[in-house]
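Working notes for the structure below.
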Amino acid sequence: MPKSSFYEEEPFPSPVRQTWNEFRRNHIALLGLWCLAFFVLLSIFGPILSPYSALEQNTDAILLPPAWEPNGSTPFLFGTDSLGRDLLTRVVNGCRITFGASLILVLVAMLIGCAIGAFAGMSRGIRASVINHLLDAIMAIPTLLLAIIVVAILGTGLVNSMWAIALALVPQFVHQTRDVTRREFQKEYVTAVRLDGAGNTRIFFFSILPNMIEMLVVQATMALSIAILDITALGFLNLGAQSPSPELGAMLSDALETAYIAPWSIALPGAAIFLMVLSINLVGDGLRTALRNRLTQ
Amino acid sequence: MLVYLGRRLNLLVITLFILCAGSFALAFLFPGDPLTNLSGLANPDEQLRQQLMHKYALDQGFFASLWQYFQLIFAGDWGISMRSGSSVFEEVTRTLPASIELSVYAMVLSLFIGLPLGIFSGLSHRKALDRGILSFSLIGYSVPVFWLALLMILVFALKLGVLPMSDRVSLLYDVPLNTGFVLLDILQSDMEHREAALQNAFAHLILPTLSLTVFTCSLIVRLTRRSVINVMDSDYIKAAYAKGMSRSEVVWQHGLKNALIPIMPQLVMQFTLLMTNAMIVEVIFSWPGIGEWMIQAIYQRDFPSIRGGMLAVSVVVVSFTISMDVLLKLLYPLSKRQLHAQV
């Protein structure tokens, strides 16, 4: 391609910009991003907009079908549950709780995982081996089992189930961070920094971390989708968020008793979980592809 | 190779040791009296208390009691379930096979569906077939397992009424408990109406297995597809084409072998995910497996059972993972070079 101007420097997009350009070419991933943005806005502003509160019971409108069914009415767009609570409000509030809790626990898991991973990546010999063995032992325990144990010790509740899931997610981050740190430490730019007199900590924060951020973001989106699935599963089993709380999984287990006469009270919260996880997975896949395309170019 | 086997065996022993010690520590971490959590006898009187103290060697210091605990675990004395009053070890051996049965069927079915789909998808990269399979796998990957199971019950069991929605086999059939695997038990037994019982057990298996398969299968499709695409892009495939081999020859002789073997360890890693999902599905379908048993235990605060269940499930998962690891190492010569590279 001929240069448009001889004298000006050719603009070269930054790595983030390049990734975004690659990401933008994938229309389905872009759709996922819009969907995700919608969910984020919904969980921030939704509860303010809704006319009902999540626990308010309308005793004259019990088990009302959604508005698009013949018996439905428009004041309750998604219908009501067996206690006359507006389902739309509960789903919106549930998105806020489920999504927010998952986001926080993934951030916590990422911080802890990165710290241990960086430490493991920089240490050698017996210390690294002990960390590896411990992590393998934790990874071998299924998430639900870990959650059952944590819940048995601390008691049920949303926060306790968040701890359990965060504990189960940490090993993934540790593995990833450790492998990247170990690989990058053998590269020449790190040697150059080391010749300048930088210590291990400085090398990690100023040279390796910037190279690792994008990979961490991709890993975090994957972890986020797993976290949402797990937190709703625990809510569903009555081990996480407890009954009146509009957490999406707890709502599903509430609706079990009336599943046959009110199938929408199972279908709609579940669909909300499904759409949320799907959009996160779309974005995660798109980011991963974009990153791969950028690195192979 | 012997060195490698030794290392893995070492890892297995150490991990089992850690898990055992962990389950011992749980007795102290759980709320309530550690003695009750270990033995399962609530509110022991003074004499019984002394006996139990002596049995678990709690009065002789930490390490002595840990050692005593190991001996009891190996002897099969895992305490008594506070719900039913029967031995935890017996209940575990009764429920664990049911869970393993469900997971194995789901795993086999997912492999049979997932591997071919992933290969087709990877071979037709960026074509309509690939897009279709990929979208389906993405959807299957995002569906919450318990929601899918509920929808299946709503549609197939309640609306259409074609499939049963709970338990392993209809109460009409009295299946003798032998191996714990229901299909094997029916085949081995000499009961009347064996064919009918077998059909009934199959019908009970369909819904739980399917709802587990959707997630695992989509995972396998995604892993396989990525690996096939990577291999088909590589230089030695181009060299094989340049030699004049046809597409099918290239795929069969060079592509598939190289694409499938590296993903095997990752597939083994998915077993823990499958176990988690199996435990959830068991609760929904009232499948009498270890997941359902442990969830019930937590509702009724039956701590000895939780301790035993945790030990049993994690031992199964760890032994499975490590033995598959060794098996793959035997089958895959390239990885022998990494013998000393990894810990």
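Here are a few things to note about the model shown:
- Region A:102-139 and region B:300-332 have Cα centres separated by 21 Å.
- With Cα atoms defining each centre, region B:125-162 and region B:209-270 are spaced 23 Å apart in the structure.
- Here each label is just a point 7 Å from Cα along the line to Cβ, and for B:Arg194 and B:Ala242 those points are 6.1 nm apart.
- Only Lys, Arg (+1) and Asp, Glu (-1) charged, at Cβ; the protein assembly as shown dipole about Cα centre in debye: 2640 debye
- Rg to Rh, two decimals, where chain A supplies the alpha carbon set and Rh follows Kirkwood: 1.08
- For region B:89-288, the relative contact order works out to 36 percent when only alpha carbon pairs closer than 8 Å and six or more residues apart are counted.
- Residue-wise HN-Hα couplings along region A:258-273, as the Karplus relation 6.51 cos²θ - 1.76 cosθ + 1.60 with θ = phi - 60° gives them from phi, are 9, 4, 6, 8, 10, x, 5, 6, 9, 5, 6, x, x, 5, 5, 4 Hz; Gly and Pro carry x.
- Linear extension gain, A:Phe205 paired with A:Ile44, 0.36 nm per residue minus alpha-carbon span: 54.7 nm
- Relative contact order of chain B: 27 percent, from C-alpha pairs under 8 Å at least 6 residues apart in sequence.
- Within the accessible area of region B:89-288 (1.4 Å probe), percent carbon and sulfur: 66 percent
- Accessible surface, the protein assembly as shown, averaged per residue in Å² (probe 1.4 Å): 49 Å²
- Sequence-ordered 3J(HN,Hα) estimates for region B:286-292 from the Karplus curve with 6.51, -1.76 and 1.60 and θ = phi - 60° stand at 6, 6, x, x, 5, x, 4 Hz, glycine and proline given as x.
- Its Cα centre serving as origin, chain B has a Cβ charge dipole (Lys and Arg +1, Asp and Glu -1) of approximately 1880 debye.
- Interchain or long-range residues, amide H under 5 Å from A:Gly79's placed H: A:Ala67, A:Leu87, A:Leu88
- Alpha-carbon centroid distance for the pair region B:96-114 / region A:256-297, whole angstrom: 25 Å
- Per-residue mean of foreign Cβ neighbours for B:319-325 is 1 (Cβ atoms of other chains, 10 Å radius).
- Counting only heavy atoms of the protein chains and using a 1.4 Å probe, A:Val283 has close to 10 Å² of accessible surface.
- Among B:Gly289, B:Val251, B:Ser84 the positive-end extreme of the charge dipole of chain B (Cβ point charges): B:Val251
- Sequence-ordered 3J(HN,Hα) estimates for region B:25-41 from the Karplus curve with 6.51, -1.76 and 1.60 and θ = phi - 60° stand at 5, 4, 4, 8, 7, 5, x, x, 6, x, 5, 5, 5, 6, 8, x, 9 Hz, glycine and proline given as x.
- Signed unit charges on C-beta, dipole axis of region B:209-343, positive-most listed residue B:Val221, B:Ser234, B:Met310: B:Ser234
- Counting only protein chain heavy atoms and rolling a 1.4 Å probe, the accessible areas of A:Met212, B:Met152 rank, largest first, as B:Met152, A:Met212.
- Solvent exposure, largest accessible area first (probe 1.4 Å, DNA, RNA and ligands not counted), of A:Tyr260, A:Tyr189: A:Tyr260, A:Tyr189
- With all protein chains modelled, accessible area of B:Lys127 [1.4 Å, Å²]: 120 Å²
- Its residue count N sets the reference 2.2 N^0.38 Å, and the alpha-carbon radius of gyration of the protein assembly as shown equals 1.05 times that reference.
- Computed over chain A: relative contact order in percent, which uses C-alpha pairs under 8 Å that are six or more apart: 25 percent
- Buried surface between chains A and B: roughly 3900 Å² of accessible area, summed over both sides, computed with a 1.4 Å probe on protein heavy atoms only.
- Dipole magnitude of region B:1-120 about its Cα centre (Cβ charges: Lys, Arg +1; Asp, Glu -1), debye to nearest 20: 440 debye
- The heavy atoms of B:Asp59 offer some 90 square angstrom of accessible surface to a 1.4 angstrom probe.
The values are calculated or read from the model by the stated rules, or taken from the named source; none is laboratory data. What you see is a predicted model; the values in this text were computed from it and never measured. Quick reminder, even Gly has a Cβ in these numbers, built from the backbone with ideal geometry, and neighbours come from all protein chains shown. The area values use the complete protein model at the heavy-atom level, side chains included, leaving out ligands, DNA and RNA. Shrake-Rupley method; radii C 1.70, N 1.55, O 1.52, S 1.80 Å.
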